[in-house]
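Everything on this sheet refers to the single structure shown next.
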Amino acid sequence: MRVGPILVLAAAGVAGAPGPATGQAATAPRATAVPSVDPVGMRDAAAAAPYRLAFGASGATAPPRWDLRPAAPAQPDPWIAEDKARHFFASLMIGAVAYGGATALSVEWPEAGVAAGAVAGAAGIAKEFSDRSRGRPFSVRDLVWDAAGVGAALLLASRARR
């Protein structure tokens, strides 16, 4: 984000400002420097104008980030960590439950496996988009561990059907 000064005119007569109502002479408007935040990091004022119109003239409210540009990670994203184990086991569990639900609906092995893989995979991708919308980085490494959990669930399901 870029911070730069803008001038805001504070007109006389605004709540609490001295003026004729308080017995003082009216003063001319004065200029006050207020920091302006460029929410999208655009250096070109013409390119940032639509965002400022949509999200406030001062840009104090940042627009949502729907892009997948990598955010600066607060911490490194190691391949082996506690959250990777959570991704693996959550995908394993979601895949197993989805497979069990599909077989309970009388869906046979190949189709039930595809359905379970799709449900568990979609849950992992949704989690990464949720992380991204909260300002955390979109982690491909988390998706790899999600895929490993889905694969383990499908392997267990293929062995359990015999």
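The values are calculated or read from the model by the stated rules, or taken from the named source; none is laboratory data. Since the structure is predicted, the reported quantities are computational estimates derived from the model, not experimental observations. Ideal geometry is used to build each Cβ from the backbone, glycine not excepted, and the neighbour counts take in all protein chains shown. In case anyone asks, the SASA skips ligands and DNA or RNA and just uses the protein heavy atoms, side chains included. Shrake-Rupley method; radii C 1.70, N 1.55, O 1.52, S 1.80 Å.
Here's a check for you: in the range 110-149, which residue that is open to solvent by less than 20 Å² (accessible area, probe 1.4 Å), closer than 18 Å to A81 by Cα and in a helix (DSSP H, G or I) is modelled with the lowest pLDDT?
My answer is D131.
If P110 meets every condition in (1) touching a residue at least 12 places away in the same chain (Cβ under 8 Å); (2) closer than 13 Å to A157 by Cα; (3) of a type outside the set (K, R) apart from one, which number is that one?
(1) is the only condition that P110 fails.
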